[in-house]
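Colleague: Here it is, the structure in full.
The values are calculated or read from the model by the stated rules, or taken from the named source; none is laboratory data. Small disclaimer: the values here were computed from a predicted structure and weren't measured. Please note: Cβ atoms are built from the backbone with ideal geometry, for glycine as well, and neighbour counts cover all protein chains shown. We work out accessible area using only protein heavy atoms, side chains counted, and drop any ligands, DNA or RNA first. Shrake-Rupley method; radii C 1.70, N 1.55, O 1.52, S 1.80 Å.
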Amino acid sequence: MAKTIKMTLNQINQLTPKASLEHFETDKKGLSRQQRTARLQTYGENTIQKRQQRSLLRASWQSVQDPF
């Protein structure tokens, strides 16, 4: 994957199906085993990062500043 083009989610959402497949360098069948391995090494696992928990004091202060 030599090319790297950063697009916003809104821009990606506006792509045609064919353009979307080309952008992500895949096809209707999905990634090959070799592509999956390469992307896993490049980008890592698709996991959600945990945020640090806010302390009770900080959460209380933030709700005073912005109740919504």
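Colleague: Among the numbered criteria (1) at pLDDT below 85; (2) open to solvent by less than 70 Å² (accessible area, probe 1.4 Å), which single criterion is violated by Glu25?
Modeller: (1)
Colleague: Any residue at all in the range 41-52 that's among the polar types (S, T, N, Q) and touching a residue at least 40 places away in the same chain (Cβ under 8 Å)?
Modeller: Restricting attention to the range 41-52, the residues satisfying the condition of being among the polar types (S, T, N, Q) are 41-42, 46-47, 49, 52.
The next check asks that each one be touching a residue at least 40 places away in the same chain (Cβ under 8 Å); those that pass are 42.
Taking every residue of the range 41-52 in turn, at least one turns out to be among the polar types (S, T, N, Q) and touching a residue at least 40 places away in the same chain (Cβ under 8 Å).
Colleague: Now a separate question. Would you kindly identify the helices (runs of 4 or more DSSP H) lying entirely within the chain that contain at least 2 residues that are under 16 Å from the mean Cα position of the chain (by Cα)? Let's see the steps before the verdict.
Modeller: Details: elements: 9-13, 17-23, 33-43, 56-65.
Of the helices (runs of 4 or more DSSP H) lying wholly inside the chain, those with at least 2 residues that are under 16 Å from the mean Cα position of the chain (by Cα) span 9-13, 17-23, 33-43.
Colleague: Let me ask you something else. If you go through the range 37-65, how many residues are more than 23 Å from Thr8 (Cα to Cα), open to solvent by 90 Å² or more (accessible area, probe 1.4 Å) and not aromatic (Phe, Trp, Tyr)? Please lay out each step first, then the result.
Modeller: Applying the first criterion (more than 23 Å from Thr8 (Cα to Cα)) to the range 37-65 yields 37-38, 41, 52-65.
Of the ones still in play, those that are also open to solvent by 90 Å² or more (accessible area, probe 1.4 Å) are 41, 52-54, 56-58, 61, 64-65.
Still in the list and also not aromatic (Phe, Trp, Tyr): 41, 52-54, 56-58, 64-65.
Qualifying residue count for the region: 9.
Colleague: Go through the range 8-22 and give me each residue that's surrounded by 12 or more Cβ atoms within 10 Å (Cβ to Cβ) and not polar (S, T, N, Q).
Modeller: The first filter runs over the range 8-22 and keeps only residues surrounded by 12 or more Cβ atoms within 10 Å (Cβ to Cβ), leaving 12, 15, 20-22.
Hits for the range 8-22 are Ile12, Leu15, Leu21, Glu22.
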